[in-house]
Amino acid sequence: MESVKEVIKRYGNSKDNLIQIMLELQQLSGKNYLPDAWVKEAAEELGMPLSKVYGVITFYAMFSTEPRGKYVIEVCKSGPCHVSGSENIVHILEKELGIKPGETTADGLFTLELSSCFGACDIAPAVKIGENVHGNLTADSLKDLIISYREGLTYGNN
Ligand code: FES
């Protein structure tokens, strides 16, 4: 496994690449988060105040300082999605996954999060799983979606 130092070196030890570096480190953690020790090490390597690095991490919703599932499912709770039934989407996911928003499944596969608009209002209700947006969801299509992510893992082609 590549070390924190090696990742940063690949980006020329440049603080201009902080976001990219943090994204890579988050992936490297295997639990979709940024361990405190790594954030500290990165701040030192980049010559940045720790508070500034945490400022960036907490600003962007894509970063987490707590371990998360391999797939983070974000359910949009903004107006258009709400009107189109996002609450029902949350209920179905809670039932399918057996967790509440903010929690991670015991197998470490899914974390459920509520988010604000991610620009898919025209296909509301929508969820974002990792970088993929899925819209016009119905109870059935949502269940199929979860199955496809589970099977993707099973067959190792995700
Ligand atoms: S309101 Fe849900 S994606 Fe914009």
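The values are calculated or read from the model by the stated rules, or taken from the named source; none is laboratory data. As the structure is a computational prediction, the values presented were derived from the model and not from experiment. Cβ sites come from the backbone with ideal geometry, for glycine too, and all protein chains shown count toward neighbours. When the accessible area is computed, the model is the full protein with side chains, heavy atoms only, and any ligands, DNA or RNA have been set aside. Shrake-Rupley method; radii C 1.70, N 1.55, O 1.52, S 1.80 Å.
Scanning the range 106-116 for residues that are on the phi < 0 side of the Ramachandran plot, in a loop (DSSP other than H, G, I, E, B) and open to solvent by less than 70 Å² (accessible area, probe 1.4 Å) returns a single hit, LEU109.
Taken together, the residues in the range 113-146 that are in contact (Cβ under 8 Å) with a residue 40 or more places away in the chain and within 12 Å of the chain's Cα centre (by Cα) amount to 7.
So, TYR54, is that one in a loop (DSSP other than H, G, I, E, B) and out of contact with any strand residue (DSSP E or B) (no Cβ under 8 Å at 6 or more places or on another chain) or not? Give the steps one after another, and end with the answer.
Working: in a loop (DSSP other than H, G, I, E, B): no; out of contact with any strand residue (DSSP E or B) (no Cβ under 8 Å at 6 or more places or on another chain): yes.
So TYR54 does not fit the description; no.
Would the range 82-89 turn up any residue that is β-branched (Val, Ile, Thr) and free of Cβ contacts under 8 Å to residues at least 40 places away in the same chain?
First, pick out the residues of the range 82-89 that are β-branched (Val, Ile, Thr): 83, 89.
Imposing the further condition that a residue be free of Cβ contacts under 8 Å to residues at least 40 places away in the same chain reduces the set to none.
The answer is no, given that none of the residues of the range 82-89 is β-branched (Val, Ile, Thr) and free of Cβ contacts under 8 Å to residues at least 40 places away in the same chain.
Go through the range 120-151 and give me each residue that's touching a Cys at 6+ places or on another chain (Cβ under 9 Å) and either in a helix (DSSP H, G or I) or surrounded by fewer than 15 Cβ atoms within 10 Å (Cβ to Cβ) (or both). CYS121, the sole residue that qualifies.
Against the definition (at pLDDT below 95 and farther than 30 Å from GLY135 by Cβ), how does MET1 come out, yes or no?
Values: at pLDDT below 95: yes; farther than 30 Å from GLY135 by Cβ: yes.
Yes: the conditions hold for MET1.
Criterion first (farther than 30 Å from ASP36 by Cβ and outside any strand (DSSP E or B)) does ILE99 satisfy it? No; evaluated as a whole, the condition is false for this residue.
Exactly one residue out of HIS82, HIS91 is assigned to a helix (DSSP H, G or I), away from the ligand (no atom under 16 Å from the Cβ) and in the same structural domain as LEU145 (by TED's automatic domain parsing), and it is HIS91. When the range 8-37 is limited to residues that are assigned to a loop (DSSP other than H, G, I, E, B) and more than 20 Å from ARG68 (Cβ to Cβ), the one that is least open to solvent (accessible area, probe 1.4 Å) turns out to be SER14.
In the range 43-76, the residue that is nearest to the ligand (Cβ to nearest atom) out of those that are surrounded by fewer than 18 Cβ atoms within 10 Å (Cβ to Cβ) and among the charged types (D, E, K, R) is GLU66.
Only one entry in ILE21, ILE57, ILE8 is closer than 22 Å to THR111 by Cα and of a type in the set (Val, Ile, Thr), namely ILE57. The combined condition, being within 30 Å of GLY12 (Cα to Cα), away from the ligand (no atom under 16 Å from the Cβ) and open to solvent by 50 Å² or more (accessible area, probe 1.4 Å), is fulfilled by LYS40.
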